[in-house]
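The values are calculated or read from the model by the stated rules, or taken from the named source; none is laboratory data. All of these numbers come straight from a predicted model, not from anything done at the bench. Cβ: placed from backbone, ideal geometry, glycine included. Neighbour counts: every protein chain shown. Accessible surface areas use protein heavy atoms only, side chains included; no ligands, DNA or RNA. Shrake-Rupley method; radii C 1.70, N 1.55, O 1.52, S 1.80 Å.
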Amino acid sequence: MLNLDILTKRLLIISLIWIVIDGVFRKWVFPQWSTPIFAVKYLLFSLTYLLFLAKTNFRLPYLKKSYQLFIVLLFLWCFLSFVNPSYKTSWLVKLFGLINYVFFIPLLLIVPHYFNSTNFFEKTIRFLAYLSIPIYIVGIIQYFLPVDHILNYLPNEEQKYNRVAEYTRALSIFSFVKIYNVYLLFTTTLFFSYIYYLYQKNRSVVFYVVLLFLGVLNQFMSGSRLPLALMFLFFLFITAFLFVKVPILRKNVIVSIIVGIILTTILYNVSDTFNTAISAFLKRAEIVEQVAEKGREGYGARDRTLNRINLFKYANEAGWLGFGIGTTYQGTGMVLSNYRTDLPFEEEGERIVLELGIIGGILLILLRWSIFLFALLTFLNTKIVSIALLKIALLLAILPPIFFLNNTTFNYFDGFSYWFSFALILALNHIEKRQLNEN
């Protein structure tokens, strides 16, 4: 007899693995089928959602939390944009737009159901660590290869000539550098906090320390300034928080800082790979700032940051309702050539307001803040240290979107990691509650 519960869990795991590795097939195995392969992730997750609904006879939960209310309001506002007849765009454009905003939200229901023990969390992190080994290694190899090498093949030819000084920007198995940046920020922060989790369990951390250094090296090799800055800010926050709030790990924190400084100094002075990556990154950052100083707006770090957080830059042009869902999505250019606005939009916040209007922008602000504040409150009230050590990296993963510093809506992997991280926080809340009740 078919066990829907086991089948749904296995399909969820397959979906989670596939969304990480699909670039392998898009870039190298079946490059001629890049677009159909891109859609496979949505098919897998859709099947997972449907099986979960069939298995649980699902009913909508009561709206007990503020973030739940704002999720419902987001669904309603996106649906109204989808059916609004005044937007003269195709149904395909609207469908892409709807997917961008809400597709991964059902993870909030499914993930806590299956990530129901710290043991399963540990297995997941170990699997992610082993998966990251070849991903990090490929990124390092790519960096020193010419742009036209097969390992540097990209489905989008326009991205091919991004460089870090004279080196090729690392993006490993992913289709774009920005997707790899999200993966690196998520994994390095998770591995960093997991090292302290292992300290607390009196277990070896050597493997994860090595992996962490490889991940940091890849972040330098990607040439992206903001993800690198966020990564080090996250490391600093975790270190400071544990030193102040978790006395039993204070000695481990001090030892980790000393060892980290020593290892970094040695690697920079002894390893040509580390020295080259860091020096080339600094050179690229300097060149970009020089271009900005010559009047090229949007190139400097300050300009980019201000553009990201200025959600309502085009509020006057967009109005209260916007131009319609999906109208700024990069994937709809082929069917939207006669409708695109000529405004020079790029950052997530301004694109959201252009699509969903001022109302949509306000709604996204309230939603993300309500999610973060709920997650922060539950984190601060966590009584089990080991669970707090698992939560802290996930809490930091949902922090940048409240300032619209990344591209949660228009970068599918960014959107996935955001909702997946929050779903894991909800799962850990359930695990802690059960463990406290058992004791």
Members of region 1-32 found to be over 23 Å from the mean Cα position of the chain (by Cα), free of Cβ contacts under 8 Å to residues at least 60 places away in the same chain and loosely packed, with under 15 Cβ neighbours inside 10 Å, listed by number: Met1, Leu2, Asn3, Leu4, Asp5, Ile6, Val29, Phe30, Gln32
Residue check for Leu109: of a type outside the set (Val, Ile, Thr) and either under 28 Å from Ile387 (Cα atoms) or in contact with a helix residue (DSSP H, G or I) (Cβ under 6 Å, 6 or more places away or on another chain) (or both): yes
Residues of region 227-253 satisfying the condition of being out of contact with any helix residue (DSSP H, G or I) (no Cβ under 7 Å at 6 or more places or on another chain) and farther than 30 Å from Lys383 by Cβ: Ala229
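Would you call Asn407 under 22 Å from Lys41 (Cα atoms) and open to solvent by 10 Å² or more (accessible area, probe 1.4 Å)?
yes
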Residue pairs meeting the criteria (Cβ under 8 Å; at least 6 apart or on separate chains; first over 19 Å from Ser90 (Cα atoms) and in a helix (DSSP H, G or I), in region 304-333; second open to solvent by less than 60 Å² (accessible area, probe 1.4 Å) and aromatic (Phe, Trp, Tyr)): Arg308/Phe404; Ile309/Phe404
Failed item, numbered, when Thr382 is tested on (1) under 15 Å from Leu185 (Cβ atoms); (2) assigned to a loop (DSSP other than H, G, I, E, B): (1)
Counted residues, region 142-155 - those being among the aliphatic types (A, V, I, L, M), surrounded by 14 or more Cβ atoms within 10 Å (Cβ to Cβ) and out of contact with any Ser or Thr (no Cβ under 8 Å at 6 or more places or on another chain): 1
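Identify all residues within region 64-99 that are among the β-branched types (Val, Ile, Thr), modelled with pLDDT under 95 and open to solvent by 20 Å² or more (accessible area, probe 1.4 Å); write none if there are none.
Val83, Thr89
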Residue in region 164-171 that is within 30 Å of Ile387 (Cα to Cα), open to solvent by 10 Å² or more (accessible area, probe 1.4 Å) and of a type in the set (Ser, Thr, Tyr) present: no
Pick from region 69-91, criterion out of contact with any Ser or Thr (no Cβ under 9 Å at 6 or more places or on another chain) and among the polar types (S, T, N, Q), ranking: nearest to Leu363 (Cα to Cα): Ser81
Leading residue by the ranking (nearest to Thr276 (Cα to Cα)) among those in region 172-184 that are open to solvent by less than 10 Å² (accessible area, probe 1.4 Å) and not in a helix (DSSP H, G or I): Ser172
Single match in Glu350, Glu438 (criterion: within 21 Å of the chain's Cα centre (by Cα) and either over 30 Å from Leu95 (Cβ atoms) or of a type in the set (D, E, K, R) (or both)): Glu350
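Given the criteria surrounded by 19 or more Cβ atoms within 10 Å (Cβ to Cβ) and touching a residue at least 24 places away in the same chain (Cβ under 8 Å), does Glu350 qualify?
It is true that Glu350 is surrounded by 19 or more Cβ atoms within 10 Å (Cβ to Cβ) and touching a residue at least 24 places away in the same chain (Cβ under 8 Å).
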Which numbered condition Ile105 fails, given (1) under 25 Å from Leu354 (Cβ atoms); (2) open to solvent by 70 Å² or more (accessible area, probe 1.4 Å); (3) not in a helix (DSSP H, G or I): (2)
Output for region 39-58, where each listed residue is among the aromatic types (Phe, Trp, Tyr) and either in contact with a Cys (Cβ under 8 Å, 6 or more places away or on another chain) or open to solvent by 50 Å² or more (accessible area, probe 1.4 Å) (or both): Phe58
